[in-house]
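Q: My structure is below; once you've seen it, I'll send some questions.
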Amino acid sequence: MKTEIQSKKGLRTILSVSVDKETIQKKMDERLNELQKEVSLKGFRTGKVPTSVIKNQFGKSIYGEVIDKILRETSTKAIEEKKLKVAGQPKIDLKTFGEGKDLNYELQIDSLPDIKLKPFDRYKAIEYKVKIEEKIINEKLKELSIQNKQFEDKKEDEKAILGDQITFDYSATVDGNKFEGSEGKGVQLELGKDLFLKGFDEQLVGVKKNDLKNLDAVLPANHPKKELANKKTKFECKILNIKKAIENKIDDNFAKIMGAKDLKDLKKLIESQISNQYSQALNSITKKEILDQIEKNHELNLPKNLIDQEILIMTKNLKVEEKEKHKINNEKIAKSRIKLGLLLNEYGEKNSLKVTDDEVRAEIQKQIKGMPGQEKMVLDYYQKNPSASQSLKGSIYEEKIINLIKSKIKLEIRNINTKEAEQIIFKFNKPNLDQAITKKTQSPDKNKVKSKKISKK
């Protein structure tokens, strides 16, 4: 094998690699001898097929296999020989090849830039510690009480009002005909939430237990049966029971319903959850402050292939016109990501940071504990998706690097209250909020599922 630098411009190097025909023929002979032991052909015993016969039948595919192996081996050797730090996948351009010929190709390599890290004392940031006031905890308690309200039976002669829980059977028809799903038993609704059909709830206001109520409604536009979409429907409802909401007494018993040991424990859990929410948001701000300084304080010549690859990942789900419209901005974002990725990785390597399998498993267990009742789903997800585990490993590695940087820089610890935290978070998010306001807003989801318990994380 012979390797020469054909050209070098910036981070891009083109190597000229040649492999003589004798070496190729030797590899071909070695592969033919290997196949002779394995190949079984009609008229020959296994292991006794002449290599000439094997070459005659499979010569082209064997040559392709051998060349592919030679390309892998020689390209790796060429890169090592020239001591190049490769960024991304090198490109191979075949120039001359074929049986009985020398192999000549060009190897295009984009190298990683040489990085000289700036000292840590150049950076400073603020880390926020939020004090959760008793008032905030009590407000959350009240919210939980409302979300998890209890109901008790109304008297038989009491009429249903908005906020009551009503249980009923129904039979429905469209144009006088029954249809799939036209009957329901023991359906339960909280009047006023409009979770069944639009305008359905208000027609049940005023009914009493054991009443028969006829009412009209329109089936939704997204009905599974297209022929039933937007169809006027008549309902006959048999009222089975009516319950009224009763105010929860916020005490130890309520706390147990919420999954805590007692009220004191519930308050601690609420405080912890609120604190974690603020911490996550504020830590993101601190991290952004640090990363902005790191990016600003380093000039890097970035490999074009990595930028192109990042843009491809960012825009894979966008239409062509969208890609073109945001081309300049996407390139800017891609460059920033690549630059920060290279810099953070350099900090990690210089400080011998590693992520162990135990750390990955511990993080998965942490996620499992944070999703009670869905433990198996989380575990299966990581077991069946190796890329997800790899992505998690990358996140842990990045967090380790950020924590290292925090421990080395001038980090001001600032104690704040929740009001101050809200202001800081709002100011940080305001550019994104302003952008979102210009877009058409979506209506709130009335069917949002609410958590029934406070989980211990």
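Bear in mind that the values in this text are calculations on the coordinates, not laboratory data. None of these values were measured; they are calculated from a predicted model. Every residue, glycine as well, gets a Cβ built from its backbone with ideal geometry; the counts of neighbours run over all protein chains shown.
Q: Taking the dipole about the Cα centre of the chain, with the C-beta of Lys and Arg at +1 and of Asp and Glu at -1, give me whichever of 112, 191, 16 is farthest to the positive side.
A: About the Cα centre, the residue reaching furthest to the positive side is 16.
Q: FRET efficiency for residue 77 and residue 425, Cβ-Cβ distance as r, R0 = 60 Å, nearest 0.05?
A: Details: r = 53 Å, r/R0 = 0.89.
Result of the calculation: an efficiency of 0.65.
Q: A further question follows. What percent does the relative contact order of the range 253-437 come to when contacts are Cα pairs within less than 8 Å and at least six residues apart? Spell out each step's value before the answer.
A: Values: 71 pairs, mean separation 36.4, N = 185.
Across the range 253-437, relative contact order equals 20 percent.
Q: Additional query: How large is the dipole of the chain about the Cα centre if only Lys and Arg carry +1 and Asp and Glu carry -1, each at its Cβ, rounded to the nearest 20 debye?
A: Value, rounded to 20: 540 debye.
Q: Follow-up question, since we're still on this one. Stretch residue 35-residue 418 to full length: gain in nm at 0.36 nm per residue minus the Cα-Cα span?
A: 130.6 nm
Q: Place a label point 7 angstrom from the Cα of residue 301 along the Cα-to-Cβ direction, then list the residues of the range 104-133 whose backbone nitrogen is under 15 Å away.
A: Counting only backbone N, you get 109-116.
Q: Hey, what do the phi angles of the range 6-19 turn into as Karplus ³J(HN,Hα) couplings, whole Hz, using 6.51/-1.76/1.60 and θ = phi - 60°, x for Gly and Pro?
A: 7, 7, 9, 9, x, 8, 9, 10, 10, 9, 9, 10, 10, 10
Q: Rounded to the nearest 0.05, what FRET efficiency do residue 12 and residue 175 give with R0 = 51 Å and r taken as the Cβ-Cβ distance? Could you check? List each step's numbers first, then the result.
A: Values: r = 71 Å, r/R0 = 1.40.
So, using R0 = 51 Å, E works out to roughly 0.10.
Q: Shape verdict for the range 253-437, please, from the Cα gyration tensor: rounded (a/c under 1.5), prolate (a/b greater than b/c) or oblate.
A: Working: a/c = 1.61, a/b = 1.45, b/c = 1.11.
Because a/c hits 1.5 or more and a/b exceeds b/c, the range 253-437 counts as prolate.
Q: Could you pull out the pairs from 9/69; 2/91; 287/410; 185/234 whose alpha carbons sit more than 21 Å apart here?
A: Over 21 Å Cα-Cα: 9/69.
Q: Give me the percent relative contact order of the chain, please, defined on Cα pairs under 8 angstrom at least 6 residues apart.
A: 17 percent
Q: Just to be sure I understand the model, the point goes 7 Å from the Cα along the line to the Cβ. What's the resulting residue 68 to residue 149 distance in nm?
A: 6.7 nm
Q: I've got another one for you. How high is the relative contact order of the range 2-110, given as a whole-number percent (alpha carbon pairs under 8 Å, six or more residues apart)?
A: Numbers: 138 pairs, mean separation 37.8, N = 109.
Result for the range 2-110 is 35 percent.
Q: Shape verdict for the range 188-331, please, from the Cα gyration tensor: rounded (a/c under 1.5), prolate (a/b greater than b/c) or oblate. Spell out each step's value before the answer.
A: On the way: a/c = 5.19, a/b = 1.54, b/c = 3.37.
In terms of gyration-tensor shape, oblate.
Q: Which residues' amide hydrogens lie under 5 Å from the amide hydrogen of residue 151, considering only partners 5 or more residues apart or on another chain, with H built in the peptide plane?
A: 246
Q: Take peptides 321-334, 249-262 and line them up by average Cβ neighbours within 10 Å, highest first, as a rough protection proxy.
A: Those peptides, ordered most packed to least, come out 249-262, 321-334.
Q: Go through 364, 413, 278 and say which Cα lies farthest out towards the positive end of the charge dipole of the chain; charges sit on Cβ, +1 for Lys and Arg, -1 for Asp and Glu.
A: Going by the charge dipole, the pick is 413.
Q: Expressed in nm to one decimal, what extension gain is obtained for the pair residue 324 and residue 135 from 0.36 nm per residue of sequence separation less their Cα-Cα distance?
A: Gain on stretching residue 324 to residue 135: 63.0 nm.
Q: Test of understanding: what is the full-extension gain from residue 357 to residue 388, defined as 0.36 nm times their sequence separation minus their Cα-Cα distance?
A: Working it through step by step, the gained length comes to 9.8 nm.
Q: If R₀ is 56 angstrom, what is the calculated FRET efficiency for the pair residue 273 and residue 5, using the beta carbon separation as r and rounding to 0.05?
A: Details: r = 59 Å, r/R0 = 1.06.
It comes to 0.40.
Q: Follow-up question, since we're still on this one. What is the antiparallel percent of DSSP beta bridges lying wholly in the chain, to the nearest 5?
A: Of all bridge pairs located within the chain, approximately 85 percent are antiparallel.
Q: For the cross-link pairs 140/264; 154/208; 131/419, which exceed 18 Å when the distance is taken from alpha carbon to alpha carbon? If you can, show how the numbers build up before the last one.
A: On the way: 140/264 14 Å; 154/208 9 Å; 131/419 10 Å.
Long pairs (Cα-Cα over 18 Å): none in the table.
Q: Let a ≥ b ≥ c be the square roots of the eigenvalues of the Cα gyration tensor of the range 24-155; is it rounded (a/c under 1.5), or, if not, prolate (a/b larger than b/c) or oblate?
A: Because a/c hits 1.5 or more and a/b fails to exceed b/c, the range 24-155 counts as oblate.
Q: Give me a comma-separated list of calculated 3J(HN,Hα) values for the range 27-44, in order, Karplus coefficients 6.51, -1.76, 1.60 applied at θ = phi - 60°, integers in Hz, x for any Gly or Pro.
A: 5, 4, 4, 4, 5, 5, 5, 5, 5, 4, 6, 10, 6, 10, 10, 4, x, 10
Q: Using each residue's phi in the range 388-393, evaluate 6.51 cos²θ - 1.76 cosθ + 1.60 at θ = phi - 60° and report the 3J(HN,Hα) Karplus result to the nearest Hz, with x for Gly and Pro.
A: Calculated HN-Hα couplings, in order: 5, 5, 5, 5, 4, 4 Hz.
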